[in-house]
Every structure is written in C-alpha cells, then in structure tokens.
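One structure is given below, encoded as structure tokens.
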Amino acid sequence: MSTSYGGGTIPKENVVRAADFLLIHGNGVSDPKKISEMVRQTRAVPGYRPMPILFNEDDHFDFDKPLNNFTAAISEHASWGYFDFRMKGEGFDEGYQSVPVSWKISSERKRGFFKLLREITGEGK
C-alpha cells in the first residue's frame, strides 16, 4: 500500500510509517541532482525503514545526457517511471500515455529511453 503527492514532494511521516513502498514524482523536477536529493530526503523522513522508492512518473527525458532524471534515480537505488505523454503538436508516434497509443518504439524520445535502458541493463552484451 502507498500513495503519492505531486511532483517534487517528499512523503510525509505518516505516509512513510504506513506505506509498504514510497511513490514520488519527478514531474516538474528538471535538475537531476534534485531527483537524487529527493531520494535521500525521503530516506531521512522519520519512520523510514528499508523499502522500495519508486518515481512512478517523470516527464523529463534527456536520455542522451550522462546525468538525467532516470540515471539520477537509479544511482540512488530508486526505481524510475517513464512518463511519456504526447505533447501539443506531436504526432501519433509520440507518447505511450496518450490515447490513441502507438506501442511501437516509433519516436526519438522512445528510442532514447530504450537505448539508455539497454546500456544500463547490459542487454544485448
């Protein structure tokens, strides 16, 4: 059981004490260093005990940069959720969270995510 707040918010003590895992959002957090800090701040909340910390949404990409929100989260041993919506003016091939959905790896953003995921996991080596 868990709950989440808006982007950039650290869970409150009552949630940390009651939750089985902690959901935080990277939406609105454009500095990857802040993502790392959010994980450390979450672990410092009174009542924290070893449990999964998951970024279940993050609308920042920069997959081609050495430090981005994805790499920052996993460097702190937190999970990171790819929130890929179709932005205004984009076509059908963009966005996994926009209906109708193209499930293909059909955009630069999608290709960038999966390329980085392959590098991180060592898939294909």
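We did not get these values from a lab; they are worked out from the coordinates using the rules stated. In this text the structure is predicted, and so the values were computed from the model without any measurement. Don't worry about glycine lacking a Cβ; one is built from the backbone with ideal geometry, like all the others, and counts go over all protein chains shown.
Subtracting the Cα-Cα distance of SER75 and GLU123 from 0.36 nm times their residue separation leaves 15.5 nm of extension gain. Taking the longest Cα principal axis of the chain as reference, the axis of helix 32-43 is set at about 30 degrees. Couplings 3J(HN,Hα) of segment 13-22, computed from phi: 4, 4, 6, 4, 5, 8, 7, 8, 8, 10 Hz, in residue order, whole Hz [Karplus 6.51 cos²θ - 1.76 cosθ + 1.60, θ = phi - 60°; x for Gly and Pro]. The trypsin sites (Lys or Arg not before Pro) of segment 62-105 meeting both criteria, a DSSP state outside H, G, I, E and B (loop) and at most 10 other C-beta atoms within 10 angstrom of the site's C-beta, are LYS88, LYS104. Between ASP93 and GLU108, full extension at 0.36 nm per residue minus the direct alpha carbon distance yields a gain of 4.4 nm. Taking the Cα centre of segment 84-125 as origin and assigning +1 to Lys and Arg Cβ atoms and -1 to Asp and Glu Cβ atoms, the resulting dipole is close to 80 debye. Please sort by residue number the GluC sites (Glu not before Pro) in segment 17-99 whose DSSP state is loop and whose Cβ has at most 15 other Cβ atoms within 10 Å. Hits after loop and neighbour filter: GLU90. For the chain, the number of Lys pairs separated by eight or more positions or lying on different chains, with C-alpha atoms closer than 17 Å, is 7.
Charging the Cβ of each Asp and Glu at -1 and of each Lys and Arg at +1, and nothing else, the dipole of the chain about its Cα centre rounds to 240 debye. Over the chain, dividing the summed -39,500 (n - 2.57) contributions of all DSSP H runs of at least 4 residues by the number of residues returns a 222 nm mean residue ellipticity of -9000 deg cm²/dmol. A DSSP coil position with no more than 15 other Cβ atoms inside 10 Å describes the following chymotrypsin sites (Phe, Trp or Tyr not before Pro) in segment 51-119: PHE85, PHE92, TRP103.
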